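First the structure, in the form of structure tokens, and then the observations on it.
Bear in mind these aren't lab numbers, they're just calculated from the coordinates by the rules spelled out. Not measured: the values here are computed from a predicted model. Cβ sites come from the backbone with ideal geometry, for glycine too, and all protein chains shown count toward neighbours.
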Amino acid sequence: QFEPGKTIADASMPATLDSISPSSWKQVGQNFGKQHNVDMLLLPFWHAALAPALTSVANHAKQHGVREVVAIMHNANSHDGKAWEAALTKRFLGACDRVVTLSSSVSAELKSWDPATLFHPLYEHFPAGPSPREARRQLGLSKGDVAHLFFGLIRPYKGLGVLIDALSQLPPHHKLLVAGECYENWSVYQAQIDEHGLQDRVQLHLEFIPDNLVPVFMQACDNVVLPYLDASQSGVTALALHHEKRVVASDVGDLGTGIVPNLTGRLVPPDQPAALAEALSAPWHAQPADQAMAFKALKEKFSWSAWATQLTQLVQSEAR
């Protein structure tokens with residue numbers, strides 16, 4: 001899937017690996033050893049659909065001089081994954097020499113592979129967004145509205161239904177922005193919205209949100225909500241922290257890693273609409289200076305430079 005408005009020519013790295021073209025798998029793996037003289041290869045994994053391609057790249061790379069292949073595991077398996085997906089993931093891990101995860105929950109699932117645990121770094125590539133006032137104007141929000149943002153792919157484990165139920169328990173000036181592609185049957189959620197009479201309080205953007213529009217949604221909202229039923233970690237949390245937006249999330253997986261209670265966010269029990277509604281409506285009493293300091297500390301702690309430093313230290317310590 002390509003980002004709307006972008007072409008391959010806009011990418012800073014050539015698009016050489018095609019997940020459904022085996023010939024590209026072999027070529028990419030060979031090139032790492034033959035042309036690029038790579039000593040260590042890092043392969044990120046987040047979905048089993050990529051496992052066949054990544055497994056082939058790993059094998060061909062090592063056959064052509066790459067000394068070590070490291071799996072960077074966003075997830076232990078595909079969310080909502082099937083047994084055959086777990087088998088593909090296991091095969092990929094077997095082709096790697098070392099496993100690194102981005103959350104303690106994924107490390108626990110992959111403990112037999114003796115993984116090292118890092119963290120999900122924040123996103124730093126987004127353009128500057130409009131002012132909150134302008135962003136809210138663009139999205140049609142009124143001055144007194146409290147806007148809660150559900151961002152990203154819509155899948156069963158993400159608990160959007162719980163958030164809709166929670167919204168029904170909040171006063172009318174609480175609004176919900178849903179921004180992202182739906183990877184399931186939307187009619188279930190629409191029926192829930194209709195049942196609660198929330199048609200005028202739920203704003204739908206059921207499509208891929210390109211990079212240039214992400215800051216608009218982030219600037220317009222009062223908080224980002226992750227009502228997940230299950231999770232490892234989430235790129236949405238990293239996105240919210242980068243934009244210095246409070247996160248209200250379920251206490252599952254490592255979603256709480258970047259949350260400083262009542263400064264950068266709140267945690268609630270999963271699948272409990274009443275508790276979520278309370279967390280969304282409770283006032284935030286933190287002083288702006290304290291909140292800004294908390295966000296600054298987290299952005300330094302979870303930066304790409306910090307991630308790269310920890311990975312380098314890990315590799316060097318284990319190489320001794």
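Roughly speaking, what is the centre-to-centre gap between region 215-248 and region 250-320 when only Cα atoms are used, to the nearest Å?
Region 215-248 and region 250-320 have Cα centres separated by 10 Å.
Here is the link list: Lys26/Lys82; Lys175/Lys245; Lys62/Lys111; Lys143/Lys245; Lys175/Lys301. Which ones come out longer than 21 Å on Cα distance? Write down the numbers at each step before the final one.
On the way: Lys26/Lys82 27 Å; Lys175/Lys245 16 Å; Lys62/Lys111 24 Å; Lys143/Lys245 18 Å; Lys175/Lys301 32 Å.
The answer is Lys26/Lys82; Lys62/Lys111; Lys175/Lys301.
So, in nm, how far is label Ser104 from label Leu229 when the simple model puts each one 7 Å beyond its Cα toward the Cβ?
2.5 nm
Any chance you could run the full-extension gain for Gln35 through Glu278? It's 0.36 nm times the residue separation minus the Cα-Cα distance, nm to one decimal. Please list the in-between numbers first.
Numbers: separation 243, 0.36 × 243 = 87.48 nm, distance 5.74 nm.
Stretched fully, the Gln35-Glu278 segment lengthens by 81.7 nm.
Could you give the length gained by full extension between Ala191 and Gln313, i.e. 0.36 nm per residue of separation minus their alpha carbon distance, to one decimal place? Before the final figure, lay out each step's value.
Working: separation 122, 0.36 × 122 = 43.92 nm, distance 5.13 nm.
Extra length from Ala191 to Gln313 when fully extended: 38.8 nm.
At what distance in angstrom do the alpha carbon centres of region 121-136 and region 91-120 lie from each other?
Cα centroid to Cα centroid, the span is 32 Å.
Calculate how large, on average over all directions, the projected area of the Cα convex hull of region 132-293 is; give the answer in nm² to one decimal.
Details: hull surface 34.9 nm².
Averaged projected hull area, Cα only: 8.7 nm².
Spelling out what I want: for every residue of region 66-77, take phi, set θ = phi - 60°, compute 6.51 cos²θ - 1.76 cosθ + 1.60 (Karplus), and round to whole Hz; glycine and proline get x.
6, 6, 9, 10, 10, 8, 9, 9, 6, 10, 6, 6
What nm distance separates the two modelled labels at His47 and Ala128, each placed 7 Å from Cα along Cα→Cβ?
According to this spin-label approximation, the distance is 3.4 nm.
Once the piece of chain linking Ala116 and Glu181 is laid out straight, how much longer is it, given 0.36 nm per residue of separation minus the C-alpha distance between them? Walk me through the numbers before you get to the answer.
Details: separation 65, 0.36 × 65 = 23.40 nm, distance 3.23 nm.
Stretched fully, the Ala116-Glu181 segment lengthens by 20.2 nm.
Based on other C-beta atoms within 10 Å, arrange Thr117, Thr309, Thr237 from fewest to most.
On the way: Thr117 19, Thr309 11, Thr237 26.
So the residues, fewest neighbours to most, are Thr309, Thr117, Thr237.
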